[in-house]
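Asks: Pasting a structure here, questions to come.
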Amino acid sequence: MDFLKPAEVTPIATYHVMNADSSVADPSRGQPEVTDEQVLEWYKNMVTVNIMDNIMFEAQRHGRLSFYMVSAGEEAVMIGSAAALGPKDVITCQYRETGVFLQRGFELKDFMSQLTANHNDPGKGRNMPVHYSGKNKVNIHAVASTLATQIPHATGAAYALKMDALENPNQPGNIAVAYFGEGAASEGDFHAALNVAAVRGCPVIFVCRNNGFAISTPTTEQYIGDGIAVRGMSYGIESIRVDGTDIFAVYEATKEARRKALEGGGRPILLELMSYRVSHHSTSDDSFAYRNRNDVEAWKARNDPLSRLRLWMEKKDLWDAKKEKEFRTKTRAAILRELVAAEKEKKPALRGIFDDVYAELTEEAKEQKEELRRLMMKYPEEYDINDHEEGIQGL
């Protein structure tokens, strides 16, 4: 009688393309099958996210935003995976997928409209900053703070896509993709979603950003097993662990995962993308209260995804210090310009407070609406009525 002992099982290997000096680790495999134009686009998007994060983090400190979350250290995870997906693939995110939105076509104006909660925000200013909504523009459902709820949503969307493919067999197949952190993988929704997806053969990719921390809880205190990839296999799902700082590895793994997810009528795939959360969890967090600053700096010096890709491009004569400076200067100016412009826009119409809850206002909602209108009219100096689209008439 033999009991399987986790300590005696070989840990899952990590897939990578580049080595420590940004050269192809295995020369026999050849160069990554990407064009110079693709690589330049990826790098520029990674830098754009990085600069925007720095600016918006400071903007929050200056009182121009109420909240912000950055994705430093995870730029390759977001850009590399999004680049491998199809335009009609359905995506559900957590709250650190700014790069996914950008890679799929979100523009600076879209980001700033949401962050400043103006009338151009599809969410009508009702969500926290960084909770972007891009269903109509980039096929990404609205971000929500509730951990892991987007994972079963992706499974459900994938099942619907599978049914649609059965009815339209001549159409190109599409998949669903759920992004989440390793902390969210401790939620019950994660397990339910994976089990249903496996049993029903849903064409979905579960993308786990394993960045080392669930807010202040390090992975050493989250689990003692071999990470998240092994959990996928326990549900009968093909899984792979990937170096999340190597954008070529992320792109190749996601591209192959998408192909596999569409095989044979559909099946789920799990990607565990290994990275590190360089930043604080959010503007509400001080990560140096629970980790050593030297550890963060050491990781940045060794594994920064932007530095790794920039070195690769420099070796190919695609990039240099002059181009770097020019692009950063231009991008920073564009972000600041869009931020200022967004702040000057009107806020959403006041009626948005009551819209979209029920098809028709309930009696209670009607009373609340009238009471709000009465108070605004009585104490106009206490409310920013004129900052809203249509003013009091919009209520």
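Asks: Taking R0 as 51 Å, what's the FRET efficiency between Glu238 and Thr362 from their Cβ-Cβ distance, rounded to 0.05?
Replies: On the way: r = 48 Å, r/R0 = 0.94.
Result of the calculation: an efficiency of 0.60.
Asks: Taking θ as phi - 60°, what are the ³J(HN,Hα) couplings along region 66-83 by the Karplus curve (6.51, -1.76, 1.60), each to the nearest whole Hz, with x for Gly and Pro?
Replies: 8, 6, 7, 10, 9, 10, 4, x, 10, 4, 5, 4, 6, 5, x, 6, 4, 5
Asks: Could you give me the ³J(HN,Hα) list for region 196-208, computed from phi with Karplus coefficients 6.51, -1.76, 1.60 and θ = phi - 60°, whole Hz, x at Gly and Pro?
Replies: 4, 4, 5, 5, 8, x, 7, x, 9, 10, 9, 9, 9
Asks: Name the long-range amide H neighbours of His388: under 5 Å, sequence gap of 5 or more, or other chain; modelled H, no Pro or chain starts.
Replies: It is Lys347, by chain and number.
Asks: Could you work out the relative contact order of region 89-173? I mean the mean sequence separation of Cα pairs under 8 Å and 6+ apart, divided by the number of residues, in percent.
Replies: Computed over region 89-173, the figure is 32 percent.
Asks: Over what distance in Å are the Cα centres of region 277-336 and region 62-77 separated?
Replies: Each part's Cα centre sits 13 Å from the other's.
Asks: For the residue pair Glu37 and Leu4, what label-to-label distance in nm results when each label sits 7 Å from Cα along the Cα-to-beta-carbon direction?
Replies: It works out to 4.7 nm between the two label points.
Asks: Next up: Just to confirm my numbers, what's the Cα centroid distance between region 176-234 and region 135-175 in Å?
Replies: For region 176-234 versus region 135-175, the Cα centre distance is 18 Å.
Asks: Quick one: go through region 60-100 and flag any residue whose amide nitrogen is under 19 Å from the point 7 Å out along the Cα-to-Cβ line of Ser145.
Replies: Under 19 Å, as judged by backbone N against the label point of Ser145, lie 60-71, 93-98 of region 60-100.
Asks: I've got another one for you. Please identify, among Tyr379, Tyr95, Tyr290, the residue showing maximal mean-square fluctuation in a Gaussian network model of the chain using a 10 angstrom Cα cutoff.
Replies: Fluctuation is largest for Tyr379.
Asks: If only Cα atoms are counted, what is the Rg of region 272-348, and what is its Dmax, in Å?
Replies: Cα radius of gyration and Dmax of region 272-348 are 17.5, 49 Å respectively.
Asks: Also: I'd like the carbon and sulfur percentage of the solvent accessible area for the chain, probe radius 1.4 Å, heavy atoms only, ligands and nucleic acids excluded. Present the calculation step by step, with values, prior to reporting the outcome.
Replies: Details: 10010 of 19500 Å².
Of all accessible area on the chain, carbon and sulfur atoms account for 51 percent.
Asks: Now for a separate question. Of the listed values (1) 22.6, 80; (2) 21.4, 82; (3) 30.8, 123, grab the one calculated as Rg and Dmax of the Cα atoms in Å from the structure here.
Replies: Evaluating Rg and Dmax of the Cα atoms in Å on these atoms matches (1).
Asks: With r defined as the distance between the Cβ atoms of Asn294 and Lys325 and R0 fixed at 41 Å, what FRET efficiency is calculated, to the nearest 0.05? Working shown, then result.
Replies: On the way: r = 29 Å, r/R0 = 0.70.
FRET efficiency, Asn294 to Lys325: 0.90.
Asks: Given the options Gly134, His16, Trp42, identify the residue whose Cα lies farthest towards the positive end of the charge dipole of region 1-143 (+1 on Cβ of Lys, Arg; -1 on Cβ of Asp, Glu).
Replies: Farthest towards the positive pole: Gly134.
Asks: Given q = 0.13 Å⁻¹, what are the Debye log10 I(q)/I(0) values for region 54-196, with equal point scatterers placed on the Cα positions and solvent ignored?
Replies: Here log10 of I(q) over I(0) equals -0.60.
Asks: Hey, what does the equivalent ellipsoid look like for region 243-288, semi-axes from the Cα gyration tensor as sqrt of 5 times each eigenvalue, largest first, whole Å? Spell out each step's value before the answer.
Replies: Numbers: eigenvalues 199, 34, 8 Å².
One finds semi-axes of 32, 13, 6 Å for region 243-288.
Asks: Hey, which aspartates and glutamates would be in cross-link range of Lys316, C-alpha to C-alpha under 16 Å, not counting anything within fewer than 8 residues on its own chain?
Replies: Of all the aspartates and glutamates, those that pass the test against Lys316 - Cα under 16 Å, at least 8 places apart if same chain - are Asp21, Glu33, Asp36, Glu37, Glu41, Glu324.
Asks: Evaluate the distance, in nm, between pseudo-label points positioned 7 Å from the Cα of Asp26 and of Asp286 along their respective Cα→Cβ axes.
Replies: 4.7
Asks: Could you calculate, for region 113-173, the ratio of the Cα radius of gyration to the Kirkwood radius, expressed as Rg to Rh?
Replies: On the way: Rg = 15.0 Å, Rh = 13.5 Å.
Result for region 113-173 is an Rg/Rh of 1.12.
Asks: Still on this model: 222 nm [θ] for the chain, helices only, -39500 (n - 2.57) per DSSP H run of 4+, per residue, to 500? Could you put the intermediate results ahead of the total?
Replies: Working: 13 runs with 168 residues, N = 395.
After summing the helix terms and dividing by the residues of the chain, the value is -13500 deg cm²/dmol.
The values are calculated or read from the model by the stated rules, or taken from the named source; none is laboratory data. Note that the coordinates shown come from a computational prediction; the quantities given were computed from them, not determined experimentally. Every residue, glycine as well, gets a Cβ built from its backbone with ideal geometry; the counts of neighbours run over all protein chains shown. Ligands, DNA and RNA are excluded from the accessible area calculation, which covers all protein heavy atoms including side chains. Shrake-Rupley method; radii C 1.70, N 1.55, O 1.52, S 1.80 Å.
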